[in-house]
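Note sheet for the following structure.
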Ligand SMILES: O=C(O)C(=O)C[C@]1(C(=O)O)C=C[C@@H](O)C=C1
């Protein structure tokens, strides 16, 4: 590092967006676990095609995309907390995890997200062939990934983990002195 010249460009000012404690909020271990244990068995078939390098590269892209999407929950939490601190603060103070989760949940939005990702998988994930439709098809064609599984991915893993990040994020907004790595239900709110 000592060999590097100083940069000629002025350092840009990075606004501190998050409360410092939110740097410790991470659900990457949970993402890793559901990706390999639950999701992959639903979208792959057993066997060995020898494409290890391409597979690792694809896994990395997917894991990073999932992690980015889920940890955007920190931004969402920040907005929600700033819009209604009077609603969030008392729940955080008394560690009412259930009510906090309810406040962070918008069921109608979740329904829309599930329908939207399913439709996107249908539209953008079609296999294009010149052959007649096979057994893995509906009236529109066949898909690289079953659109119902994509909807399930969001319903069972992506949105619940986003909310977990949001819950931890709102706690950071309230109080920067705690341990925010303790995200799960068996821990205090
Ligand atoms: O849109 C929101 O308010 C979010 O918090 C995001 C999100 C999601 O992960 O898509 C999570 C929780 C809500 O219940 C709805 C949607």
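Please treat every number below as a calculation from the coordinates, not as lab data. This one's a predicted model, so the numbers in the text were calculated from it and none came from an experiment. Here the Cβ positions follow ideal geometry from the backbone for every residue, glycine too, while neighbour counts run over all protein chains shown.
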TODO: Please determine, in degrees from 0 to 90 and to the nearest 10, the orientation of helix 159-174 with respect to the longest principal axis defined by the Cα atoms of the chain, where the helix direction is its Cα long axis.
DONE: 10 degrees
- [ ] Just the ratio, please: alpha-carbon radius of gyration of the chain over 2.2 N^0.38 Å, N its number of residues.
- [x] 1.30
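Can you tell me, using C-alpha contacts under 8 Å and at least 6 residues apart, the relative contact order of the chain as a whole percent?
Answer for the chain is 37 percent.
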Task: In range of the label at residue 40: residues from segment 46-69 whose backbone nitrogen is under 15 Å from the point 7 Å along Cα→Cβ - done: 46-64
- [ ] With r as the distance between the Cβ atoms of residue 63 and residue 6 and R0 = 45 Å, compute the FRET efficiency 1/(1 + (r/R0)^6) and round to 0.05.
- [x] 0.80
- [ ] Take peptides 7-15, 107-115, 81-89 and line them up by average Cβ neighbours within 10 Å, highest first, as a rough protection proxy.
- [x] 81-89, 107-115, 7-15
Open item on the list: So for each of 63-71, 150-158 I average, over its residues, the number of other beta carbons within 10 Å; can you give me the resulting order with the highest mean first?
Closed with: 150-158, 63-71
Task: Principal-axis tilt of helix 73-83 within the chain, Cα atoms, nearest 10 degrees - done: 50 degrees
Open item on the list: I'd like the orientation of helix 107-124 relative to the chain: the angle between its Cα long axis and the longest Cα principal axis, in ° from 0 to 90, rounded to 10.
Closed with: 40 degrees
Open item on the list: With just the Cα atoms defining each centre, how far is segment 28-80 from segment 92-130? Give it in Å.
Closed with: 16 Å
